[in-house]
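Here is the structure we will look at.
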Amino acid sequence: MRTASREVELGEVTAVYYRRPTPYAARFGHLPAQQRDFAAAEARRGLGGILNALHGVLYVNHPYAVPQADFKPVQLQRFAEVGLQIPPTLVANDVQAARKFAADHEHIIYKTFRGLPRSEDGHIGAIWAQRVEPDDFDGSVAVTAHLFQAEIPKTGDVRVTVVGRRVFAFALTGDGDAPEHWTAIECNPNGQWGWLPDAQAITNAFADILSRKETAGHDRAR
């Protein structure tokens with residue numbers, strides 16, 4: 001494979017660090033919409049199909065595993081399966097169900113499943129998790145699926161970064177030893193970590209996995 005800056009013999013690749021690659025569509029922006037979508041899809045299934053199926057390669061994480069782990073309902077189900085406490089949650093597009101859920105809890109919050117796509121001019125916006133009131137619900141709730149959760153009174157947020165079998169936690173001190181003091185909110189399979197105090201140690205952990213210093217069988221995303 002040749003790019004503008006380097007050449008790689010794909011048969012010699014032993015590990016791939018996959019994280020937020022540039023969209024295939026970027027180089028096709030000058031084409032009409034139908035041609036642009038066709039060219040991007042062909043590149044994704046052609047080049048992407050090759051890069052996603054390199055023989056004997058360790059992926060961190062595999063491109064197919066990332067979107068699977070990114071589904072919030074799947075995350076919540078998995079949290080519950082391993083014994084973690086999760087917030088009361090409703091996924092619905094029914095306004096009456098949303099109002100009943102709100103009535104059953106003192107406060108509820110709304111959050112997106114994935115976030116806003118790029119606008120036509122290429123800009124990216126954001127919709128933050130926020131408290132909503134039952135009076136805010138109207139017929140527009142029926143347009144698509146929504147994620148509502150009971151608001152969890154908190155002392156603070158704890159961020160845990162897992163790289164292979166190594167865990168880097170930035171936790172509270174003091175109270176919080178009891179399991180009921182902790183609530184699992186969500187998991188980001190491609191989270192930011194360069195700004196954390198242990199950034200260098202996290203970098204080293206990634207290097208250990210990609211160089212196979214750790215046992216690959218435990219670190220492969222499934």
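For segment 132-184, the share of accessible area belonging to carbon and sulfur comes to 51 percent (1.4 Å probe, ligands and nucleic acids excluded).
Note on the chain: Lys pairs 8 or more places apart or on different chains, Cα atoms under 21 Å apart, count 4.
Taking the chain as a Gaussian network of alpha-carbon nodes connected by springs under 10 Å, the highest mean-square fluctuation of the residues Val57, Val163, Val143 belongs to Val143.
Extending 7 Å from Cα along the Cβ direction at Ile152 and again at Ala80 yields two label points whose distance is 1.5 nm.
Work out the length of the dipole vector of the chain about its Cα centre, built from +1 on the beta-carbon of each Lys and Arg and -1 on the beta-carbon of each Asp and Glu, and round it to the nearest 20 debye.
On the way: 24 positive and 26 negative charges, 197 e Å.
Value, rounded to 20: 940 debye.
Rolling a 1.4 angstrom probe over the protein heavy atoms, how many square angstrom per residue are accessible across the chain?
Ligands and nucleic acids excluded, the figure is 70 Å² per residue.
Among 1-7, 136-142, the peptide with the highest mean count of other Cβ atoms within 10 Å heads the list, and the full ranking is 136-142, 1-7. Each Cα pair under 8 Å and six or more residues apart adds its separation to the average, and for segment 131-210 the resulting relative contact order is 24 percent. When the chain is treated as a GNM with alpha-carbon contacts under 10 Å, the residue of Gln34, Gln200, Gln75 showing the greatest mean-square fluctuation is Gln34.
For segment 73-192, a/c is not less than 1.5, where a ≥ b ≥ c are the root eigenvalues of the C-alpha gyration tensor, and a/b does not top b/c. That puts it in the oblate class. Segment 126-175 and segment 178-192 have Cα centres separated by 9 Å.
Relative to the longest principal axis of the Cα atoms of the chain, helix 199-210 runs at roughly 50 degrees.
Scaling against 2.2 N^0.38 Å puts the C-alpha radius of gyration of the chain at 1.24. Once you reduce segment 72-104 and segment 1-57 to the center of their Cα atoms, the two points are 37 Å from each other. Taking the chain as a Gaussian network, where each spring joins two C-alpha atoms under 10 Å apart, which residue of Phe113, Phe170, Phe38 fluctuates the most? Result for the chain, Cα springs under 10 Å: Phe38 fluctuates most. One decimal place: the segment Ala201-Ala53 gains 50.3 nm when fully extended, by the rule 0.36 nm per residue minus the C-alpha distance.
For Asp177 and Asp104, the difference between the fully extended length at 0.36 nm per residue and the C-alpha to C-alpha distance is 23.5 nm.
The values are calculated or read from the model by the stated rules, or taken from the named source; none is laboratory data. Fair warning: this is a prediction, and the values are worked out from it, not measured in the lab. Positions of Cβ are backbone-derived with ideal geometry, glycine not excepted, and every protein chain shown enters the neighbour counts. Ligands, DNA and RNA are excluded from the accessible area calculation, which covers all protein heavy atoms including side chains. Shrake-Rupley method; radii C 1.70, N 1.55, O 1.52, S 1.80 Å.
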